[in-house]
Amino acid sequence: MELTSILLKIVFAVLMIVVVMTMAGYSVLIERKVSSWVQGRVGPNRTAPFLVNYIPFIGPLLVRMGIFQPMADGLKFLFKEEITPGHVNKTYYFLAPILALVPALTTMVVIPFGQYTDPSTGASNPLMLAPLDIGILFIFAVSSLGVYGIVLAGWSSNNKYSFLGAIRSSAQMISYELSLGLSVFPLFLWLNAPGVEGGLGLNAVVDYQQNFWFIFVQPLSALLFLVAIFAETNRLPFDMAESETDLVGGFHTEYGCFKFGIFFVAEYAHIVIGSALFTLLFLGGWHFLPGLSDPWPAGWIGAVLSTIWFLVKTVILIVFFVLIRWTLPRFRYDQVMKLGWTILLPLAIGNLILNAIIIALIDSQ
Amino acid sequence: MDVLFIIFAVLTVVPALLMVVSRNPVNGAMFMIISFVGMAALFVLLEAFLLAILQVLVYAGAIMVLFLFIIMLLDMDEVEKIKPGTVTSIASGISLALIIVGVAVLLGSDGLAGQSVAHLAAAPDFPSADNPMGLALSAKAYGFGLFTKYMLPFQLTGVLLLVSMIGVIIISKKRETSQGQEQS
């Protein structure tokens, strides 16, 4: 019994890694397709494993959509020549990509992705790997470790461009972590307001949004969180770490082949996790639409449907991430710092205090 | 559970030792991070999840990043050449002896097997308190205790941190105005 439960947990964990990694791989495809659409190009439309082209109608359609492109990209990273520059600090040079990927994959442990309603009792449970009481803090803690991958990569590469990229990105991540944390605190204040037993878990946030979504009640929090998560994932308006025009490639200038691939996948895994987090916190998770009761039937069909609905929301957000990248130009570095410290942080603190006062006023009546 | 405890205890103590003896400051900082994460794992084994997460969030995630940030701006070859002076060696030797004596006194006559230390560590409150608060691990209970019974220690710690912060700002600030006054 003990062994079975442990084995089951391992199977679930591996399944979740497979899903997140696949989504990260296909986010790259989304990126390439959306960018080509924005720029009036076609995008990847040739990659086809043997015989797929001979399947009538469906085969060529899939090829034109570029469905097989991520596999080709992955194989390309695997088969490239493994080059290690002579002037690097070997230990940290090899450790850095792993340190970048591991936190991105660890955060998903506490992310709930659907709900299972027991047909006989009617009780509904969230589907997640670890139902931790303090899920949101866990995510902040683990994702704050991700910066070591970038810092060590930049330092161990022993290259001015890499080092500048690493310094910039760590300064940026430290600055925006504050706004990121403070922007979601009002949500949890409401969740733990007098008379409500919420806790700090992510499934509690989703349960609370049964009838309304937080994005409509707390639009400022949502905006602050979105900006901060863009900065934390190093996406384009904020991609100081790898701004090609002034830093060649930033912290991964000296990285090639599979090691670069790991950094690449880690970035997209961050985007997937960030989108999932935004969905859970502000878009009601797997709840159908604001104001409507969930149409998910009891049992496993409902569980699958709610998971699919959650994934649909997440994918829409990933497309939004990509669209922003191809729409907005890059900030200058001093602008990024100014935005973080003089606009986002005071706004987040003010929002937190305002919500605290409102809750106190309601409580005192 | 014992196996896990031994693994994480080793993961906490050995990197802490390596941090002290390593010549390269970057290695030292990395060992310190490993030690912090190991300590967080020990907190998890005690089911103090909030403490574990705060340990990672504050120490490993924020403070050590700043440490590493500064260390990487140093010139490594110069730093590694620095040898500790005689006074420093003697002072550290005396401190080590004092710590060993202190721990021995704390353990008492019956050594590590003694119940007094275990009792002290497991007590949920000040040993001398009249009405001890029950041991609670949820975040809400923690916050409640912090803002009611332990308000004074909490506030004093905050003031201490504020004082040290102001001190750091004053020390690290360039004294341009005073020099300007002297010149004029």
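The values are calculated or read from the model by the stated rules, or taken from the named source; none is laboratory data. On a predicted model such as this, the values are computed, not experimentally measured, just so you know. So basically every Cβ, Gly included, is an ideal-geometry build from the backbone, and we count neighbours across all protein chains shown. Accessible surface areas use protein heavy atoms only, side chains included; no ligands, DNA or RNA. Shrake-Rupley method; radii C 1.70, N 1.55, O 1.52, S 1.80 Å.
If the condition is being in contact with a Lys or Arg (Cβ under 9 Å, 6 or more places away or on another chain) and crowded, with 19+ Cβ neighbours inside 10 Å, then segment A:155-200 contributes A:Ser156, A:Gly199, A:Leu200. Checked against (1) touching a strand residue (DSSP E or B) at 6+ places or on another chain (Cβ under 6 Å); (2) not assigned by TED's automatic domain parsing to the domain that holds A:Val319, A:Pro112 passes all but condition (2).
Listed here are the helices (runs of 4 or more DSSP H) enclosed by segment A:136-251 that have at least 3 residues being within 14 Å of another protein chain (Cβ to nearest Cβ) and hydroxyl-bearing (Ser, Thr, Tyr): A:160-191.
Condition (residue is outside any helix (DSSP H, G or I), of a type in the set (Phe, Trp, Tyr) and touching a strand residue (DSSP E or B) at 6+ places or on another chain (Cβ under 9 Å)) applied to segment A:280-292: is it met by at least one residue? Show your work before the answer.
Taking segment A:280-292 and keeping what is outside any helix (DSSP H, G or I), we get A:283-292.
Adding the requirement that they be of a type in the set (Phe, Trp, Tyr) leaves A:286, A:288.
So of that shortlist, the ones also touching a strand residue (DSSP E or B) at 6+ places or on another chain (Cβ under 9 Å) come out as A:286.
Yes, some residue in segment A:280-292 is outside any helix (DSSP H, G or I), of a type in the set (Phe, Trp, Tyr) and touching a strand residue (DSSP E or B) at 6+ places or on another chain (Cβ under 9 Å).
Only one of the listed residues (A:Phe321, A:Phe331) is in the same structural domain as A:Ser169 (by TED's automatic domain parsing), buried (at least 16 other Cβ atoms within 10 Å of the Cβ) and not in a helix (DSSP H, G or I). That residue is A:Phe331.
Could you list, in sequence order, all residues of segment B:59-88 that are open to solvent by less than 60 Å² (accessible area, probe 1.4 Å), free of Cβ contacts under 8 Å to residues at least 24 places away in the same chain and more than 8 Å from chain A (Cβ to nearest Cβ)? Steps first, answer last, please.
We begin by selecting, within segment B:59-88, every residue open to solvent by less than 60 Å² (accessible area, probe 1.4 Å); these are B:60-62, B:64-65, B:68-69, B:71-72, B:76, B:79, B:85.
Checking which are free of Cβ contacts under 8 Å to residues at least 24 places away in the same chain leaves us with B:61-62, B:65, B:69, B:85.
B:Gly85, the sole residue that qualifies.
Scanning segment A:181-206 for residues that are farther than 23 Å from A:Trp286 by Cβ and within 17 Å of the chain's Cα centre (by Cα) gives a single hit, A:Gly181. With respect to the stated conditions, B:Val3 fails to be at pLDDT 85 or above, part of a helix (DSSP H, G or I), open to solvent by less than 90 Å² (accessible area, probe 1.4 Å) and among the β-branched types (Val, Ile, Thr).
Of A:Phe288, A:Phe278, all but one fail to be closer than 30 Å to A:Gly149 by Cα and either open to solvent by less than 10 Å² (accessible area, probe 1.4 Å) or touching a residue at least 12 places away in the same chain (Cβ under 8 Å) (or both); the exception is A:Phe278.
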